[in-house]
């Protein structure tokens, strides 16, 4: 990988880790389109103008909230990111800490536009930022550095993403919590897997992630148990969108039973995110255009800027 010596304007966008927006956006859309959980015939192919406006605002405001949280995480994780050889914008001095704090403030201000959708969405966005931006990264909480703190925070991230979409379309009801369960569990499994590649680097900086505390084999076994539980909930709730996401990802998890390799978990995570997004496209196919465009632009940027193959579907 080649490290450039000068800053480029595009760095300010790609430092937000836009490929990580997709798990959040997909979960948000799962909540928004929950009425169509068993309809795969493009029920929202030509939605009303108001729906278009709401969706556009959801993408922008939730994207801004995620971007701000990701920046705060990077600003507090420079040492561990350097140990793990990733997120080199800060660790290699390409972008300054001060500049990224300014960008974070701008993104937080943009996310306030969520109140224009309705009060519930605005409050969920603020709660998302509070948990994922502040409580997750800053003392005295630093949830990311503690076993159960990191797990609870990531469960809440997925739950709030689903709630943001759900509450943008429907009035509050306790059904929200049961509707969210299969998606929340699926995202939690993927989170547990993402801790495995960084285990050595996280241990060196004393981060108590699931992979550091439990070790590889326990993380994989417990994730597989959760995966099975999520499938049971999807079936019990008659949510065949969620069930298909689980079934499509299952062949990538089966090798873990015989051979618990981190490379298998990486593939399962990447394809799990892809299958989740793809199933959402059967509700609202325009999402596919955004997926292809952002994937292609991101790949081009990292290839040209750093001679780096990212994103990809490899087990590495």
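The values are calculated or read from the model by the stated rules, or taken from the named source; none is laboratory data. Just so it is clear, the model here is predicted, and its values are computed rather than measured. Ideal geometry is used to build each Cβ from the backbone, glycine not excepted, and the neighbour counts take in all protein chains shown.
Could you check, for the stretch 291-298, whether at least one of its residues is surrounded by fewer than 19 Cβ atoms within 10 Å (Cβ to Cβ) and closer than 18 Å to residue 36 by Cβ?
no
Taking the options 75, 95, 55, 87, name whichever one is at pLDDT below 95, over 25 Å from residue 303 (Cβ atoms) and over 15 Å from the mean Cα position of the chain (by Cα).
On the way: 95 fails: over 25 Å from residue 303 (Cβ atoms); 55 fails: at pLDDT below 95; 87 fails: over 25 Å from residue 303 (Cβ atoms).
Just one listed residue meets the conditions, 75.
Condition (residue is surrounded by fewer than 16 Cβ atoms within 10 Å (Cβ to Cβ), under 13 Å from residue 187 (Cβ atoms) and touching a helix residue (DSSP H, G or I) at 6+ places or on another chain (Cβ under 6 Å)) applied to the stretch 130-143: is it met by at least one residue?
No, there is no match, as no residue in the stretch 130-143 is surrounded by fewer than 16 Cβ atoms within 10 Å (Cβ to Cβ), under 13 Å from residue 187 (Cβ atoms) and touching a helix residue (DSSP H, G or I) at 6+ places or on another chain (Cβ under 6 Å).
Results for (1) without any contact (Cβ under 8 Å) to a residue 40 or more places away in the chain; (2) under 26 Å from residue 178 (Cβ atoms); (3) buried (at least 18 other Cβ atoms within 10 Å of the Cβ), shown as yes or no for each residue.
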residue	(1), (2), (3)
256	yes, no, yes
259	yes, no, no
264	no, no, yes
289	yes, no, no
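Yes or no: residue 179 touching a residue at least 60 places away in the same chain (Cβ under 8 Å), more than 28 Å from residue 31 (Cα to Cα) and part of a helix (DSSP H, G or I)?
Details: touching a residue at least 60 places away in the same chain (Cβ under 8 Å): yes; more than 28 Å from residue 31 (Cα to Cα): no; part of a helix (DSSP H, G or I): yes.
Judged against the criteria, residue 179 is not a match.
Can you tell me how many residues in the stretch 11-37 are buried (at least 19 other Cβ atoms within 10 Å of the Cβ), part of a helix (DSSP H, G or I) and over 10 Å from the mean Cα position of the chain (by Cα)?
Total satisfying the criteria: 6.
Sort out which residues of the stretch 113-125 are over 20 Å from residue 137 (Cα atoms), in contact with a helix residue (DSSP H, G or I) (Cβ under 7 Å, 6 or more places away or on another chain) and either in a helix (DSSP H, G or I) or free of Cβ contacts under 8 Å to residues at least 12 places away in the same chain (or both), and write them in order of number.
113, 114, 115, 116, 120, 121, 122
Check whether at least one residue in the stretch 115-126 is surrounded by fewer than 15 Cβ atoms within 10 Å (Cβ to Cβ), modelled with pLDDT of 95 or more and under 28 Å from residue 205 (Cβ atoms), and report yes or no.
no
Having 1 or more residues that are under 18 Å from the mean Cα position of the chain (by Cα) and at pLDDT 95 or above is the bar; report the helices (runs of 4 or more DSSP H) wholly within the stretch 219-304 that clear it. Let's see the steps before the verdict.
Working: elements: 240-253, 255-258, 262-281.
It comes to 240-253, 262-281.
Residue-by-condition table, conditions (1) free of Cβ contacts under 8 Å to residues at least 40 places away in the same chain; (2) farther than 20 Å from residue 36 by Cα; (3) surrounded by fewer than 18 Cβ atoms within 10 Å (Cβ to Cβ):
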| site | (1), (2), (3) |
| --- | --- |
| 221 | yes, yes, yes |
| 234 | no, no, no |
| 248 | yes, no, yes |
| 267 | no, yes, no |
| 272 | no, yes, no |
| 285 | no, no, yes |
